[in-house]
Amino acid sequence: MTRLRQGLVAMVAVAGLWARAAGPAAAGDITAMVRDQGNQPVEDAVLLAAPEGRPAAVPEKPGREIVDQINLEFVPHVKPVVVGSPVYFPNKDDVRHHVYSFSPAKRFELPLYSGTPAAPVVFDRPGIVAIGCNIHDWMLGYIYVAETPYLARTGADGRARLEGLPAGRYVVRVWHPRLEGTEEATSRAVSLDRTGAADLAWQLTLKSSVRPRRAPVPGQRGYR
Ligand SMILES: [Cu+2]
């Protein structure tokens, strides 16, 4: 047995213990709690489960997803979507935005607009797409395009939940824009065969924020 395999088996065993300790979680659910190095809950982490050794059943026509622009920020800051998802970018502000990405997984541009552009942007390749606005340099968001439909974002309480997973073995991992180290290093092997549910916890080391400071907007008072 290789060391990696031994490690995976050990992690499965630990996940199973957690699952039993978690109590009456619904079958086929994976719940997670994500904290940072200071033990604070981490918002905007992506939690995803990929079936081990078999492809995930990705929907042929994923539903529409939305990333708003509210008060000169992308909301949510991090949006996990399954590959092939059409994403709309409604502008809820009274100033125009110019949303774009240079990321290899999806280069696109929505030239200066108000309201909602008629056509969505379809994220057809897996990867992490950083989005920005040409007008407001501090506006920064992420679309995490995954090859599995089992994905969720942590809320302000650091918690996320994956629901309705068929029984089987999964590799579960987390990602965050300020994650120190690789996403792969967060991987855990989880088996939903025996217990039908698992409750996992991560403590991530996050880099300090590198977002540009907000600048004054012409015609508006102060900093927004
Ligand atoms: Cu903008």
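The values are calculated or read from the model by the stated rules, or taken from the named source; none is laboratory data. Since we're looking at a predicted model, the values are computed, not measured. When we count neighbours, we look across all protein chains shown, and the Cβ atoms used for this are built from the backbone with ideal geometry, even at glycine.
Couple of notes before you dig in:
- Of all residues in segment 184-204, those that are farther than 14 Å from A49 by Cβ have Cβ atoms under 8 Å from Cβ atoms of residues that are of a type in the set (S, T, N, Q), 6 or more apart or on another chain, in Q203/Q37; Q203/N39; L204/Q37; L204/T186.
- Filter pass, Y144 being closer than 25 Å to L200 by Cα, in contact with an Asp or Glu (Cβ under 9 Å, 6 or more places away or on another chain) and away from the ligand (no atom under 16 Å from the Cβ): no
- So A156, is it of a type in the set (G, A, S), modelled with pLDDT of 95 or more, surrounded by 12 or more Cβ atoms within 10 Å (Cβ to Cβ) and within 30 Å of F102 (Cβ to Cβ): no
- Residue tally, condition among the polar types (S, T, N, Q) and either over 20 Å from I128 (Cα atoms) or within 16 Å of the ligand (Cβ to nearest atom) (or both), over segment 54-103: 4
- Among the residues listed as R169, R178, R188, the single one being within 15 Å of the chain's Cα centre (by Cα) and surrounded by 14 or more Cβ atoms within 10 Å (Cβ to Cβ): R178
- Of all the listed residues (R125, R159), the sole one being among the basic types (K, R), touching a residue at least 60 places away in the same chain (Cβ under 8 Å) and away from the ligand (no atom under 16 Å from the Cβ) is R159.
- Residue match in segment 41-52 (condition: under 27 Å from R178 (Cα atoms), at pLDDT below 95 and part of a loop (DSSP other than H, G, I, E, B)): yes
- Selection count, segment 104-117, where residues are touching a residue at least 12 places away in the same chain (Cβ under 8 Å) and within 14 Å of the ligand (Cβ to nearest atom): 7
- Hey, I135 touching a strand residue (DSSP E or B) at 6+ places or on another chain (Cβ under 7 Å) and part of a strand (DSSP E or B) or not: no
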